[in-house]
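The values are calculated or read from the model by the stated rules, or taken from the named source; none is laboratory data. This one's a predicted model, so the numbers in the text were calculated from it and none came from an experiment. Don't worry about glycine lacking a Cβ; one is built from the backbone with ideal geometry, like all the others, and counts go over all protein chains shown. When the accessible area is computed, the model is the full protein with side chains, heavy atoms only, and any ligands, DNA or RNA have been set aside. Shrake-Rupley method; radii C 1.70, N 1.55, O 1.52, S 1.80 Å.
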Amino acid sequence: MRLQELYPLLRCLADGEFHSGQILAETFGLTRAAIWKQIQALNEVPGIHIQSVRGRGYRLQQAIQLLDHGRISARLPEGAPLRLELLPETASTNDWLRQHADPEVNSGHACLAEYQSAGRGRRGRHWVCAFGSNIYLSLAWRFDLAMADLAGLSLAVGVSVARVLEAHGLQGHGLKWPNDIYLDGKKLGGILVEASGEMQGPALAIIGVGINLRLEQAAAAAIDQPWTDMASALTRPVDRNHLCGDLLAGLLDTCTQFQNLGLSHFLHEWKAYDIYLGQQVELRLGSQVIPGIYRGLDDRGGLLLETSGEQRSWYAGEVSLRGGADQ
Ligand code: ATP
Ligand code: BTN
(Lines give C-alpha, C1' and ligand atoms only; values in the text may rest on other atoms or scores of the structure.)
(Ligands and ions follow the chains in the order given, each with its own letter.)
Protein backbone atom coordinates (compact mmCIF):
# COMPACT_ATOMS: atom_id res chain seq x y z
CA MET A 1 0.00 0.00 0.00
CA ARG A 2 1.44 3.38 -0.94
CA LEU A 3 1.77 6.10 1.66
CA GLN A 4 -0.24 8.40 -0.59
CA GLU A 5 -3.29 6.11 -0.13
CA LEU A 6 -2.78 5.98 3.64
CA TYR A 7 -2.42 9.70 3.98
CA PRO A 8 -6.09 10.57 4.71
CA LEU A 9 -6.08 8.17 7.69
CA LEU A 10 -2.77 9.52 8.89
CA ARG A 11 -4.05 13.08 8.66
CA CYS A 12 -6.88 12.07 10.98
CA LEU A 13 -4.49 10.51 13.49
CA ALA A 14 -1.91 13.32 13.34
CA ASP A 15 -3.32 15.02 16.44
CA GLY A 16 -2.02 12.20 18.65
CA GLU A 17 -5.49 11.61 20.17
CA PHE A 18 -7.38 8.30 20.26
CA HIS A 19 -9.67 7.59 17.30
CA SER A 20 -12.04 4.65 17.46
CA GLY A 21 -11.79 2.04 14.72
CA GLN A 22 -15.54 2.20 14.25
CA ILE A 23 -15.61 5.95 13.67
CA LEU A 24 -12.58 5.81 11.37
CA ALA A 25 -14.29 3.05 9.38
CA GLU A 26 -17.44 5.17 9.05
CA THR A 27 -15.46 8.30 8.17
CA PHE A 28 -13.62 6.60 5.32
CA GLY A 29 -16.43 4.29 4.22
CA LEU A 30 -14.30 1.22 4.93
CA THR A 31 -14.61 -1.87 7.10
CA ARG A 32 -12.86 -1.97 10.45
CA ALA A 33 -10.65 -4.72 9.06
CA ALA A 34 -9.61 -2.42 6.21
CA ILE A 35 -8.73 0.32 8.72
CA TRP A 36 -6.67 -2.19 10.68
CA LYS A 37 -4.81 -3.12 7.51
CA GLN A 38 -4.02 0.53 6.82
CA ILE A 39 -2.81 0.98 10.42
CA GLN A 40 -0.48 -1.99 9.98
CA ALA A 41 0.84 -0.55 6.71
CA LEU A 42 1.40 2.84 8.36
CA ASN A 43 3.32 1.19 11.19
CA GLU A 44 5.79 -0.15 8.62
CA VAL A 45 6.92 3.40 7.80
CA PRO A 46 10.01 4.56 9.76
CA GLY A 47 8.93 7.24 12.23
CA ILE A 48 5.26 6.21 12.44
CA HIS A 49 4.13 4.37 15.56
CA ILE A 50 0.42 3.85 16.05
CA GLN A 51 -0.82 2.20 19.21
CA SER A 52 -3.95 0.18 19.29
CA VAL A 53 -5.81 0.08 22.62
CA ARG A 54 -8.88 -2.10 23.07
CA GLY A 55 -11.99 -0.01 23.71
CA ARG A 56 -10.28 3.27 22.85
CA GLY A 57 -9.00 2.88 19.31
CA TYR A 58 -5.82 4.00 17.61
CA ARG A 59 -3.44 6.81 18.35
CA LEU A 60 -0.03 7.99 17.28
CA GLN A 61 2.58 7.63 20.02
CA GLN A 62 3.46 11.24 19.31
CA ALA A 63 1.41 13.87 17.46
CA ILE A 64 2.81 14.85 14.05
CA GLN A 65 2.78 18.36 12.64
CA LEU A 66 2.16 17.53 9.01
CA LEU A 67 3.45 19.83 6.30
CA ASP A 68 0.88 22.50 5.53
CA HIS A 69 0.95 24.55 2.36
CA GLY A 70 -0.82 27.57 3.89
CA ARG A 71 1.40 27.74 6.97
CA ILE A 72 4.59 27.39 4.93
CA SER A 73 3.53 29.93 2.31
CA ALA A 74 2.56 32.43 5.01
CA ARG A 75 6.27 32.77 5.84
CA LEU A 76 7.24 33.65 2.26
CA PRO A 77 7.45 37.24 1.07
CA GLU A 78 4.39 38.34 -0.87
CA GLY A 79 4.70 37.52 -4.55
CA ALA A 80 7.68 35.24 -3.94
CA PRO A 81 8.50 33.45 -7.20
CA LEU A 82 7.90 30.00 -5.79
CA ARG A 83 5.92 26.99 -6.82
CA LEU A 84 5.72 24.60 -3.88
CA GLU A 85 4.79 20.92 -3.82
CA LEU A 86 4.28 18.85 -0.69
CA LEU A 87 4.79 15.11 -0.99
CA PRO A 88 3.85 12.48 1.60
CA GLU A 89 6.68 10.31 0.33
CA THR A 90 9.26 10.28 -2.40
CA ALA A 91 12.59 8.53 -3.00
CA SER A 92 14.55 11.79 -2.85
CA THR A 93 13.24 15.35 -3.12
CA ASN A 94 16.26 16.20 -5.31
CA ASP A 95 15.33 13.41 -7.73
CA TRP A 96 11.67 14.35 -7.69
CA LEU A 97 12.49 17.93 -8.66
CA ARG A 98 14.90 16.86 -11.36
CA GLN A 99 12.09 14.84 -12.90
CA HIS A 100 9.33 17.40 -12.38
CA ALA A 101 10.88 20.88 -12.48
CA ASP A 102 9.12 22.69 -15.29
CA PRO A 103 11.83 23.81 -17.75
CA GLU A 104 9.87 27.01 -18.43
CA VAL A 105 9.55 28.07 -14.80
CA ASN A 106 12.38 26.20 -13.18
CA SER A 107 13.48 29.05 -10.99
CA GLY A 108 11.73 28.84 -7.67
CA HIS A 109 10.22 25.37 -7.91
CA ALA A 110 10.40 23.64 -4.54
CA CYS A 111 9.27 20.43 -2.96
CA LEU A 112 9.13 19.14 0.59
CA ALA A 113 8.55 15.55 1.62
CA GLU A 114 7.31 14.00 4.84
CA TYR A 115 9.52 11.00 4.11
CA GLN A 116 12.24 10.00 1.67
CA SER A 117 12.75 6.31 1.00
CA ALA A 118 16.13 6.85 -0.71
CA GLY A 119 17.47 10.17 0.59
CA ARG A 120 21.01 10.88 -0.58
CA GLY A 121 24.07 12.71 0.62
CA ARG A 122 27.23 13.41 -1.34
CA ARG A 123 28.57 10.69 -3.63
CA GLY A 124 25.38 8.68 -3.27
CA ARG A 125 25.72 8.14 0.48
CA HIS A 126 22.51 7.31 2.26
CA TRP A 127 20.59 10.09 4.06
CA VAL A 128 18.62 8.48 6.89
CA CYS A 129 14.99 9.63 7.08
CA ALA A 130 11.92 9.16 9.26
CA PHE A 131 8.36 10.25 8.57
CA GLY A 132 6.84 13.55 9.56
CA SER A 133 9.32 15.04 11.97
CA ASN A 134 12.30 16.34 9.99
CA ILE A 135 12.96 18.53 6.96
CA TYR A 136 13.56 17.15 3.50
CA LEU A 137 13.47 20.07 1.11
CA SER A 138 14.66 20.79 -2.42
CA LEU A 139 14.59 23.93 -4.53
CA ALA A 140 15.26 24.14 -8.26
CA TRP A 141 16.76 27.40 -9.48
CA ARG A 142 18.13 28.34 -12.85
CA PHE A 143 21.32 30.43 -12.70
CA ASP A 144 22.75 32.49 -15.51
CA LEU A 145 26.17 31.32 -14.43
CA ALA A 146 28.74 28.91 -15.78
CA MET A 147 28.61 25.45 -14.17
CA ALA A 148 32.01 26.06 -12.55
CA ASP A 149 30.64 29.13 -10.76
CA LEU A 150 28.04 26.99 -9.00
CA ALA A 151 30.77 25.10 -7.15
CA GLY A 152 30.43 27.42 -4.15
CA LEU A 153 26.63 27.42 -4.05
CA SER A 154 26.41 24.81 -1.28
CA LEU A 155 28.53 27.13 0.90
CA ALA A 156 26.14 30.04 0.36
CA VAL A 157 23.22 27.72 1.12
CA GLY A 158 24.95 26.65 4.34
CA VAL A 159 25.11 30.25 5.50
CA SER A 160 21.45 30.74 4.64
CA VAL A 161 20.37 27.63 6.56
CA ALA A 162 22.54 28.48 9.57
CA ARG A 163 21.00 31.96 9.78
CA VAL A 164 17.46 30.58 9.74
CA LEU A 165 18.24 27.98 12.41
CA GLU A 166 19.58 30.78 14.58
CA ALA A 167 16.38 32.76 14.04
CA HIS A 168 14.49 29.69 15.31
CA GLY A 169 16.42 29.68 18.57
CA LEU A 170 19.30 27.32 17.83
CA GLN A 171 22.70 28.37 19.16
CA GLY A 172 26.18 27.05 18.80
CA HIS A 173 25.61 25.36 15.45
CA GLY A 174 28.18 25.62 12.69
CA LEU A 175 29.20 24.52 9.21
CA LYS A 176 31.67 21.89 8.15
CA TRP A 177 33.16 22.28 4.69
CA PRO A 178 31.68 21.77 2.24
CA ASN A 179 28.08 20.86 3.02
CA ASP A 180 27.36 19.83 6.59
CA ILE A 181 25.49 21.52 9.42
CA TYR A 182 26.86 20.61 12.84
CA LEU A 183 25.77 21.07 16.41
CA ASP A 184 27.89 20.14 19.43
CA GLY A 185 30.29 18.17 17.24
CA LYS A 186 27.49 16.08 15.72
CA LYS A 187 25.85 16.18 12.34
CA LEU A 188 22.49 17.96 12.36
CA GLY A 189 21.88 18.37 8.66
CA GLY A 190 23.37 18.43 5.21
CA ILE A 191 23.14 20.15 1.86
CA LEU A 192 23.24 18.48 -1.52
CA VAL A 193 23.53 20.75 -4.56
CA GLU A 194 23.33 19.05 -7.94
CA ALA A 195 23.81 21.14 -11.06
CA SER A 196 23.23 20.45 -14.73
CA GLY A 197 23.31 22.55 -17.88
CA GLU A 198 25.69 24.13 -20.33
CA MET A 199 29.32 24.55 -19.26
CA GLN A 200 29.04 28.28 -19.90
CA GLY A 201 25.50 28.50 -18.44
CA PRO A 202 22.67 28.72 -17.86
CA ALA A 203 22.74 25.98 -15.25
CA LEU A 204 19.95 24.42 -13.25
CA ALA A 205 20.77 23.80 -9.60
CA ILE A 206 18.74 21.44 -7.46
CA ILE A 207 19.45 22.49 -3.91
CA GLY A 208 18.59 19.84 -1.31
CA VAL A 209 18.52 20.48 2.43
CA GLY A 210 17.99 17.83 5.10
CA ILE A 211 17.70 18.79 8.78
CA ASN A 212 16.96 16.55 11.74
CA LEU A 213 14.30 18.17 13.88
CA ARG A 214 13.28 15.14 15.93
CA LEU A 215 14.91 11.97 14.73
CA GLU A 216 14.09 8.85 16.71
CA GLN A 217 16.91 6.56 17.82
CA ALA A 218 15.48 3.53 16.04
CA ALA A 219 15.55 5.21 12.63
CA ALA A 220 18.91 6.83 13.31
CA ALA A 221 20.60 3.51 14.11
CA ALA A 222 21.74 3.38 10.49
CA ILE A 223 23.76 6.62 10.76
CA ASP A 224 27.44 5.75 10.94
CA GLN A 225 28.69 8.95 12.58
CA PRO A 226 27.65 11.11 15.55
CA TRP A 227 24.36 12.84 14.78
CA THR A 228 21.92 15.08 16.55
CA ASP A 229 18.58 16.82 16.10
CA MET A 230 17.14 20.22 16.99
CA ALA A 231 14.80 18.80 19.61
CA SER A 232 17.81 17.69 21.68
CA ALA A 233 19.09 21.27 21.86
CA LEU A 234 15.91 23.34 22.17
CA THR A 235 13.57 23.62 25.11
CA ARG A 236 10.61 24.67 22.92
CA PRO A 237 9.43 22.53 20.00
CA VAL A 238 10.20 23.96 16.57
CA ASP A 239 7.26 24.89 14.35
CA ARG A 240 8.17 22.69 11.38
CA ASN A 241 6.02 24.56 8.87
CA HIS A 242 7.36 27.96 9.91
CA LEU A 243 10.89 26.64 9.73
CA CYS A 244 10.27 25.22 6.24
CA GLY A 245 8.81 28.55 5.09
CA ASP A 246 11.72 30.52 6.53
CA LEU A 247 14.27 28.15 4.99
CA LEU A 248 12.63 28.55 1.60
CA ALA A 249 12.45 32.34 1.93
CA GLY A 250 16.13 32.36 2.87
CA LEU A 251 17.02 30.16 -0.09
CA LEU A 252 15.16 32.36 -2.55
CA ASP A 253 17.14 35.36 -1.31
CA THR A 254 20.34 33.40 -1.35
CA CYS A 255 19.87 32.29 -4.95
CA THR A 256 19.25 35.86 -6.08
CA GLN A 257 22.27 37.13 -4.16
CA PHE A 258 24.46 34.30 -5.39
CA GLN A 259 23.46 35.09 -8.97
CA ASN A 260 24.14 38.81 -8.55
CA LEU A 261 27.00 38.97 -6.06
CA GLY A 262 28.64 35.55 -6.22
CA LEU A 263 30.21 33.47 -3.48
CA SER A 264 32.35 36.30 -2.13
CA HIS A 265 29.21 37.85 -0.64
CA PHE A 266 28.86 34.84 1.71
CA LEU A 267 32.44 33.98 2.61
CA HIS A 268 32.81 36.33 5.56
CA GLU A 269 29.72 34.94 7.25
CA TRP A 270 30.73 31.37 6.41
CA LYS A 271 33.92 31.95 8.39
CA ALA A 272 31.86 32.85 11.46
CA TYR A 273 30.10 29.46 11.27
CA ASP A 274 33.20 27.43 10.35
CA ILE A 275 33.65 24.68 12.97
CA TYR A 276 37.26 23.71 12.19
CA LEU A 277 38.97 27.04 11.47
CA GLY A 278 42.61 26.96 12.66
CA GLN A 279 42.34 23.36 13.86
CA GLN A 280 44.35 20.25 13.13
CA VAL A 281 42.32 18.23 10.60
CA GLU A 282 42.61 15.41 8.11
CA LEU A 283 41.65 15.38 4.46
CA ARG A 284 40.47 12.02 3.15
CA LEU A 285 40.94 11.20 -0.53
CA GLY A 286 39.77 7.64 -0.89
CA SER A 287 42.15 5.66 1.33
CA GLN A 288 44.70 8.49 1.53
CA VAL A 289 44.74 10.66 4.68
CA ILE A 290 46.42 14.07 4.61
CA PRO A 291 46.85 15.76 8.00
CA GLY A 292 47.25 19.53 8.27
CA ILE A 293 45.92 22.74 9.75
CA TYR A 294 42.68 23.97 8.29
CA ARG A 295 43.03 27.62 7.29
CA GLY A 296 39.50 28.29 6.05
CA LEU A 297 38.35 28.87 2.48
CA ASP A 298 39.89 30.45 -0.59
CA ASP A 299 37.85 32.87 -2.69
CA ARG A 300 36.46 30.03 -4.87
CA GLY A 301 35.23 28.13 -1.82
CA GLY A 302 38.11 25.64 -1.84
CA LEU A 303 39.51 24.39 1.45
CA LEU A 304 42.92 25.75 2.49
CA LEU A 305 45.08 23.12 4.13
CA GLU A 306 48.43 24.00 5.65
CA THR A 307 51.01 21.23 5.61
CA SER A 308 54.66 21.81 6.54
CA GLY A 309 54.08 25.57 6.58
CA GLU A 310 52.63 25.64 3.05
CA GLN A 311 49.03 26.23 2.06
CA ARG A 312 47.21 24.48 -0.71
CA SER A 313 43.58 24.65 -1.90
CA TRP A 314 41.45 21.54 -2.18
CA TYR A 315 38.08 21.33 -3.91
CA ALA A 316 35.08 19.33 -2.82
CA GLY A 317 35.04 16.66 -5.60
CA GLU A 318 36.50 13.59 -3.92
CA VAL A 319 37.80 15.15 -0.70
CA SER A 320 36.28 14.78 2.79
CA LEU A 321 37.27 16.86 5.80
CA ARG A 322 37.55 15.32 9.26
CA GLY A 323 38.57 16.80 12.60
CA GLY A 324 42.02 15.63 13.71
CA ALA A 325 40.54 13.68 16.60
CA ASP A 326 37.64 12.14 14.59
CA GLN A 327 37.56 8.46 13.74
P1 ATP B 1 31.76 14.71 3.70
O2 ATP B 1 32.65 15.42 4.66
O3 ATP B 1 32.51 14.10 2.57
O4 ATP B 1 30.60 15.51 3.25
P5 ATP B 1 29.92 13.05 5.26
O6 ATP B 1 30.17 11.83 6.08
O7 ATP B 1 29.32 14.22 5.94
O8 ATP B 1 31.27 13.42 4.52
P9 ATP B 1 27.84 13.24 3.32
O10 ATP B 1 27.73 12.58 2.00
O11 ATP B 1 27.98 14.71 3.39
O12 ATP B 1 29.05 12.56 4.07
O13 ATP B 1 26.58 12.83 4.19
C14 ATP B 1 26.15 11.50 4.25
C15 ATP B 1 26.53 10.94 5.60
O16 ATP B 1 25.82 11.61 6.63
C17 ATP B 1 26.14 9.47 5.77
O18 ATP B 1 27.15 8.63 5.26
C19 ATP B 1 25.96 9.34 7.28
O20 ATP B 1 27.20 9.15 7.93
C21 ATP B 1 25.46 10.71 7.68
N22 ATP B 1 23.98 10.76 7.81
C23 ATP B 1 23.04 10.10 7.09
N24 ATP B 1 21.81 10.43 7.47
C25 ATP B 1 21.96 11.36 8.45
C26 ATP B 1 21.05 12.09 9.24
N27 ATP B 1 19.72 11.98 9.11
N28 ATP B 1 21.58 12.92 10.17
C29 ATP B 1 22.91 13.07 10.33
N30 ATP B 1 23.81 12.41 9.60
C31 ATP B 1 23.34 11.55 8.67
C1 BTN C 1 24.99 15.50 2.96
O2 BTN C 1 25.20 15.70 4.16
O3 BTN C 1 25.77 14.92 2.19
C4 BTN C 1 23.78 16.07 2.32
C5 BTN C 1 22.50 15.48 2.80
C6 BTN C 1 21.36 16.13 2.06
C7 BTN C 1 20.03 15.51 2.39
C8 BTN C 1 18.93 16.24 1.69
S9 BTN C 1 17.32 15.74 2.24
C10 BTN C 1 16.59 16.62 0.91
C11 BTN C 1 17.46 16.35 -0.30
N12 BTN C 1 17.09 15.10 -0.91
C13 BTN C 1 18.08 14.21 -0.85
O14 BTN C 1 18.02 13.04 -1.30
N15 BTN C 1 19.14 14.72 -0.24
C16 BTN C 1 18.90 16.09 0.17
Here the qualifying pairs (Cβ atoms under 7 Å; residues six or more apart or on different chains; first in the range 116-130 and over 14 Å from residue 179 (Cβ atoms) and of a type in the set (A, V, I, L, M); second within 7 Å of ligand 2 (Cβ to nearest atom) and at pLDDT 95 or above) come out as 118/92
Residue 235 passes all but one of (1) more than 16 Å from ligand 1 (Cβ to nearest atom); (2) over 26 Å from residue 120 (Cβ atoms); (3) at pLDDT 95 or above; which number fails?
(3)
Of the residues that make up the range 108-124, is at least one more than 11 Å from ligand 2 (Cβ to nearest atom) and more than 14 Å from the chain's Cα centre (by Cα)?
yes
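Residue under question is residue 25, and the condition is that it be of a type in the set (A, V, I, L, M), outside the structural domain of residue 249 (by TED's automatic domain parsing), open to solvent by less than 20 Å² (accessible area, probe 1.4 Å) and without any contact (Cβ under 8 Å) to a residue 12 or more places away in the chain; does it hold?
yes
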Residues (open to solvent by 10 Å² or more (accessible area, probe 1.4 Å), in contact with a strand residue (DSSP E or B) (Cβ under 8 Å, 6 or more places away or on another chain) and either under 29 Å from residue 242 (Cα atoms) or within 14 Å of ligand 1 (Cβ to nearest atom) (or both)) located in the range 130-149:
141, 142
Examine the range 238-255 for a residue that is open to solvent by 20 Å² or more (accessible area, probe 1.4 Å), modelled with pLDDT under 95 and not charged (D, E, K, R), and state whether such a residue exists.
yes
Restricting attention to the range 4-23, which residues are part of a helix (DSSP H, G or I), more than 24 Å from residue 87 (Cα to Cα) and touching a helix residue (DSSP H, G or I) at 6+ places or on another chain (Cβ under 7 Å)?
21, 22
With the requirement that a residue be open to solvent by 30 Å² or more (accessible area, probe 1.4 Å), free of Cβ contacts under 8 Å to residues at least 60 places away in the same chain and closer than 21 Å to residue 138 by Cβ, what does the range 197-226 give you?
197
I'd like the residue in the range 117-129 that is open to solvent by 60 Å² or more (accessible area, probe 1.4 Å) and basic (Lys, Arg) and, out of all such residues, is nearest to ligand 1 (Cβ to nearest atom).
125
Of the conditions (1) within 12 Å of ligand 1 (Cβ to nearest atom); (2) under 16 Å from residue 175 (Cα atoms); (3) small (Gly, Ala, Ser), the single one that residue 317 does not satisfy is (2)
Filter the range 28-40 down to the residues that are surrounded by fewer than 16 Cβ atoms within 10 Å (Cβ to Cβ) and in contact (Cβ under 8 Å) with a residue 24 or more places away in the chain and list them by number.
37
Quick one: which residue in 309, 278, 292 is over 23 Å from the mean Cα position of the chain (by Cα) and surrounded by 14 or more Cβ atoms within 10 Å (Cβ to Cβ)?
292
Pairs under 8 Å by beta carbon, first residue within 21 Å of residue 146 (Cβ to Cβ) in the range 300-320, partner acidic (Asp, Glu), six or more apart or different chains?
313/298
Given (1) modelled with pLDDT under 95; (2) open to solvent by less than 20 Å² (accessible area, probe 1.4 Å); (3) farther than 18 Å from residue 207 by Cβ, where does residue 106 come up short, assuming only one miss?
(3)
Within the range 174-196, count every residue that is buried (at least 20 other Cβ atoms within 10 Å of the Cβ) and polar (S, T, N, Q).
1
Failed condition for residue 127, given (1) within 14 Å of ligand 2 (Cβ to nearest atom); (2) closer than 22 Å to residue 251 by Cα; (3) at pLDDT below 95, with all others met?
(3)
